[in-house]
Amino acid sequence: MENQLLTIEQALSWAKAQLNANSVSDDGLHDSASIDSKVLLADCLQRELVYLHTWPEKRLDQMQMNKFKDYIEQRSSGHPVAHIVGYRDFWSLRLNVSPATLIPRPETELLVEIALDLNLTEHATVLDLGTGSGAIALSLASEQPNWLITGVDKSEQAITLAKNNATKHQLERVNFIQSDWFSVLEHKQFDLIVTNPPYIENNNKYLQLGDVRFEPSSALTSGLDGLDDIRSIVSQSKHYLTDNGWLVIEHGYQQSDQVADILSEQGFRQIRSELDLNGLPRVALGCL
Ligand code: GLN
């Protein structure tokens, strides 16, 4: 292997073996060596994933080989794939990511789907609370050009990243503002509030495994039962929603009953829960 130039097929099988030997995976439970190797190699070759399947016999050049070895080394020591390549695909957008925010997750696309299915008016006002990389706000903007969308985050670095993603996708009409939840939104009213807040219990062992070790705890954890931020968001949302306005919240897969209770205690109606790609309850919604 030392200075050998491998074919795409050989490079992938070498990388998988390396990653499996270091038992690197997203959450310590599921094997991600195969998809990780492909995403990393595609990035080294500056190609889409499908290229790897089309040209398995193609040989890497020395620069590509060096870069791929470096990527696999970083991944073997636990660094998230998204941090290594600097982006993550979410909805139809390739979003820049950084260690300052949560890496967008596939299950969060459910929030986007639900929001788009709510039959809001053409010029609906929408707030994305804790926007991070801007994933939810920008996906909605890409589908609904006339919605008036605001994304807030308390982290200045997150706002810079989200703006940068807006520019990258020519979605600059989304308004990104630094705000600790609703702190700078006085008197504003929205037809829809969407949020993927932190919801993991402070002491959850899951935090010691996989990619979450490289993400900010402010985007992950929220008190002993993980529900502190959700409680606070639900109780404040009432003041920022129009009549019949919707609140759509991502939550942990074991929190669905509690989040439904919180919504109902705060006067929300038409409360329901939706399942994510893995068949787990992941999103709760209700309207005023
Ligand atoms: N979904 C995240 C995870 O499972 C948890 C935090 C969040 O998305 N709000 O790692």
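The values are calculated or read from the model by the stated rules, or taken from the named source; none is laboratory data. Quantities reported herein were computed from a predicted structural model and do not represent experimental measurements. All Cβ positions, glycine included, derive from the backbone under ideal geometry; neighbour counts span all protein chains shown.
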Conditions (1) more than 17 Å from PRO197 (Cβ to Cβ); (2) assigned to a helix (DSSP H, G or I); number of the one not met by ARG94:
(2)
Quick check on ASN146: is it of a type in the set (S, T, N, Q), within 16 Å of the ligand (Cβ to nearest atom) and either exposed (fewer than 14 other Cβ atoms within 10 Å of the Cβ) or modelled with pLDDT under 95 (or both)?
no
Quick check, is ILE103 in a helix (DSSP H, G or I) and of a type in the set (A, V, I, L, M, F, W, C)?
no
Residue pairs meeting the criteria (Cβ under 6 Å; at least 6 apart or on separate chains; first hydroxyl-bearing (Ser, Thr, Tyr), in the stretch 1-20; second outside any loop (DSSP other than H, G, I, E, B) and at pLDDT 95 or above):
THR7/ARG59
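Rundown of residues vs (1) touching a residue at least 60 places away in the same chain (Cβ under 8 Å); (2) of a type in the set (D, E, K, R); (3) touching a Pro at 6+ places or on another chain (Cβ under 9 Å); (4) closer than 29 Å to SER98 by Cα, yes/no style:
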residue: GLU215; (1), (2), (3), (4): yes, yes, yes, yes
residue: LEU220; (1), (2), (3), (4): yes, no, yes, yes
residue: ILE230; (1), (2), (3), (4): no, no, yes, yes
residue: ILE233; (1), (2), (3), (4): yes, no, yes, yes
residue: THR242; (1), (2), (3), (4): yes, no, no, no
residue: ASN278; (1), (2), (3), (4): yes, no, no, yes
residue: PRO281; (1), (2), (3), (4): no, no, no, yes
residue: CYS287; (1), (2), (3), (4): no, no, no, no
The helices (runs of 4 or more DSSP H) lying entirely within the stretch 1-90 that contain at least 1 residues which are farther than 23 Å from ALA135 by Cα and at pLDDT 95 or above are 8-21, 33-45, 49-54, 62-76
Restricting to the stretch 149-199, name every residue that is within 16 Å of the ligand (Cβ to nearest atom), farther than 22 Å from LEU263 by Cα and of a type in the set (Ser, Thr, Tyr).
SER155
Would you check which residues across the stretch 200-237 are loosely packed, with under 14 Cβ neighbours inside 10 Å and either closer than 15 Å to PHE268 by Cβ or more than 14 Å from the ligand (Cβ to nearest atom) (or both) and list them?
ASN203, LEU224, SER235
What number of residues within the stretch 149-179 satisfy the criterion of being under 20 Å from HIS83 (Cβ atoms) and among the acidic types (Asp, Glu)?
2
Pick from the stretch 106-126, criterion hydrophobic (A, V, I, L, M, F, W, C) and assigned to a loop (DSSP other than H, G, I, E, B), ranking: surrounded by the most Cβ atoms within 10 Å (Cβ to Cβ):
ALA124
